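Notes follow once the structure below has been shown.
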Amino acid sequence: MDGVDALRYYPENILCCFMRFNIIAWVRFVSLVLKEICIKIGLSDDIINNLETLKQTNYILSEYVQDLKELDFDDFRKETEKYNTFVGLFENAKTEQDINDMLLYIVRSIELEKPWQGDFDSHMLNKDAYLVFK
């Protein structure tokens, strides 16, 4: 019916004739026909399961994209640059003491609370002391 209608209005222009078709309805119709053929052949369960999995994946990815759109990329860039600076510090470390000093510097620079009080070694030697992570 769509084809006859399209040819009646635009018999010489193939593009306009094609645009006159109800494309969405035809795609839906073809998908239903293919689904019915798969049911008759016995492939329906696998295809339906795959379609449901793809729909769930699409939904999860669209939520993830929304979360990404809400990110402030300037803050992300600044934070990433800070971490890259820390990586550069570790590349220059020569001794274990250098690494310990760098770790303490990083903890102070990103304003983390240490889970111990005072010196770490004396804190760990105290049997009654415990680490408190906040």
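The values are calculated or read from the model by the stated rules, or taken from the named source; none is laboratory data. Note that the coordinates shown come from a computational prediction; the quantities given were computed from them, not determined experimentally. Positions of Cβ are generated from backbone atoms using ideal geometry, with glycine treated the same way; all protein chains shown enter the neighbour counts.
Looking at Lys114, Lys82, just one residue is surrounded by 11 or more Cβ atoms within 10 Å (Cβ to Cβ) and at pLDDT 85 or above, and that residue is Lys82.
For Lys134, the conditions (1) assigned to a loop (DSSP other than H, G, I, E, B); (2) surrounded by 10 or more Cβ atoms within 10 Å (Cβ to Cβ) are fulfilled apart from (2).
Please determine whether any residue of region 55-62 is assigned by TED's automatic domain parsing to the domain that holds Lys35 and among the aromatic types (Phe, Trp, Tyr). Yes, region 55-62 contains at least one residue that is assigned by TED's automatic domain parsing to the domain that holds Lys35 and among the aromatic types (Phe, Trp, Tyr).
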